[in-house]
Amino acid sequence: MTLHDESTGPEGYRVEAVEAWIDAHIDDLRPPFKWTRLEGGHSNLTYRLDDANGNAAVIRRPPQGELLPKAHDMSREWALISALGPTPVPVPAALGFCEDPGVTGAWFYVMGLIDGHPLYDADDTRRWVPPQHRRKMALSFIDVLAALHAVDPDEVGLSELGKKENYVGRQLKTWYRSWTSSIEAADYDDPRAHELQRFLLENIPDQGPARVVHGDYGLHNCLVGPDCTIAAVVDWEISTLGDPLADLVYALNRWPDPTDDEPVLPDAATAPEGFPTRTELAERYAERTGRDLSKLDYYVGFNRWKSAAIVHGVYARYCEGKKSTDGIDLDEMRDSIDRALTLSEQAVSRISQA
């Protein structure tokens, strides 16, 4: 990866044109700005803007170069934070959206700056969340997800965010196509991927009303505030309408539980002591939402199978030479596919024994 030389200005932004647009469209910001690169955010070009009056905001646009269809969707992120702003779901304030690529070569938006930090690893947790506040933070994390799943998309103008029917079925078909199309390039197949797909497709639970699903809800996409609660949820670019229990299980995957055969990785954000168990968080979600979690193992099986398919596709692209393998442990990646299928198989086995 080639690093951008920030001395030539912020990557992907024509500063004079962008600052003129902000001056004309956002009342509380007055250029010129101090631009500071913010890390994270799925490679989207994200900067903090500080003006001379002490006001600050965040600007975000897709990476430069050719993008996959629907990737790095700024209009989707803008729609989500705009619609969820008046709800109990904490999101940054929506300040301005520019869909004129003539300004800086891509759509971009400006949002409020949040006093908070994402937690990418155990060091982040130890730095920003003292042990005595970790339980409070974890409960806030699950309560925010429950609040999101309580939002009726029709009532907040998000009815067109995605198809409302058969979310899990569509996901199963999409990622199975990914698996089968990647077999040759990866030189790797596993009969369990096919067996699990058939079982999951034939046993889809009734999914109930569609809700907004974040798609990548985790501590890496939450900003933990000074009071150790979730100050905002960010990175909404793959959000859609779907089954909230699929969103829940994805969020819970990273949290440890005494029932696990293996502990979470020692450098995981949820590895430090002081957090409630995954089972406790699931029970908290059930209390907050009233949802029946008796079929949660189905969603565990689905989520682990989907993870295997996603990594399998990435692994295939590395094998084809479409992505640089510098610093990439391909053997570990292949092992992670096997582990995900094993976890899916174990969840399905629990369903069969119930």
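The values are calculated or read from the model by the stated rules, or taken from the named source; none is laboratory data. Predicted model, so just to flag it, every value in this text is computed and none were measured. Cβ coordinates were reconstructed from backbone atoms using ideal geometry, including for glycine residues, and neighbour counts include every protein chain displayed.
I'd like the full set of residues that are surrounded by 13 or more Cβ atoms within 10 Å (Cβ to Cβ), charged (D, E, K, R) and under 30 Å from residue 147 (Cα atoms), limited to region 290-325. 291, 295, 297, 304, 306 - these are the residues of region 290-325 that are surrounded by 13 or more Cβ atoms within 10 Å (Cβ to Cβ), charged (D, E, K, R) and under 30 Å from residue 147 (Cα atoms). Filtered by the rule that a residue be at pLDDT below 95 and surrounded by 16 or more Cβ atoms within 10 Å (Cβ to Cβ), region 254-270 gives 254, 256, 264.
Only one entry in 216, 235 is under 13 Å from the mean Cα position of the chain (by Cα), crowded, with 21+ Cβ neighbours inside 10 Å and either of a type in the set (A, V, I, L, M) or not in a strand (DSSP E or B) (or both), namely 235.
Scanning region 219-232 for residues that are outside any strand (DSSP E or B) and surrounded by 16 or more Cβ atoms within 10 Å (Cβ to Cβ) yields 219, 220, 221, 225, 228, 229. Those helices (runs of 4 or more DSSP H) of region 117-204 in which 1 or more residues are over 20 Å from residue 251 (Cβ atoms) occupy 122-128, 167-186, 191-202.
Can you confirm whether residue 287 is outside any helix (DSSP H, G or I), out of contact with any His (no Cβ under 9 Å at 6 or more places or on another chain) and more than 21 Å from residue 173 (Cβ to Cβ)?
Details: outside any helix (DSSP H, G or I): no; out of contact with any His (no Cβ under 9 Å at 6 or more places or on another chain): yes; more than 21 Å from residue 173 (Cβ to Cβ): yes.
Considered against the rule, which asks whether it is outside any helix (DSSP H, G or I), out of contact with any His (no Cβ under 9 Å at 6 or more places or on another chain) and more than 21 Å from residue 173 (Cβ to Cβ), residue 287 comes out as no.
Conditions tested, residue by residue: (1) surrounded by 17 or more Cβ atoms within 10 Å (Cβ to Cβ); (2) in contact (Cβ under 8 Å) with a residue 24 or more places away in the chain; (3) in contact with a strand residue (DSSP E or B) (Cβ under 7 Å, 6 or more places away or on another chain); (4) within 27 Å of residue 311 (Cβ to Cβ).
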| residue | (1), (2), (3), (4) |
| --- | --- |
| 133 | no, yes, no, no |
| 137 | yes, yes, yes, no |
| 145 | yes, yes, no, yes |
| 149 | yes, yes, yes, yes |
| 172 | yes, yes, no, yes |
| 180 | no, no, no, yes |
| 187 | no, yes, no, yes |
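Looking at 52, 106, just one residue is at pLDDT below 95 and more than 27 Å from residue 160 (Cβ to Cβ), and that residue is 52. Among the conditions (1) surrounded by 15 or more Cβ atoms within 10 Å (Cβ to Cβ); (2) among the aliphatic types (A, V, I, L, M); (3) over 30 Å from residue 92 (Cα atoms), the only one that residue 328 does not satisfy is (1). Across region 5-48, what is the total count of residues that are at pLDDT below 90, surrounded by 14 or more Cβ atoms within 10 Å (Cβ to Cβ) and in contact with a Pro (Cβ under 7 Å, 6 or more places away or on another chain)? Number of matching residues: 1. Return a yes/no flag: does region 240-253 have any residue that is in contact with a Leu (Cβ under 7 Å, 6 or more places away or on another chain) and part of a loop (DSSP other than H, G, I, E, B). No, region 240-253 contains no residue that is in contact with a Leu (Cβ under 7 Å, 6 or more places away or on another chain) and part of a loop (DSSP other than H, G, I, E, B). Test of understanding: among 297, 335, which residue is assigned to a helix (DSSP H, G or I), closer than 21 Å to residue 256 by Cβ and out of contact with any helix residue (DSSP H, G or I) (no Cβ under 6 Å at 6 or more places or on another chain)? Sole residue among the options that is assigned to a helix (DSSP H, G or I), closer than 21 Å to residue 256 by Cβ and out of contact with any helix residue (DSSP H, G or I) (no Cβ under 6 Å at 6 or more places or on another chain): 335.
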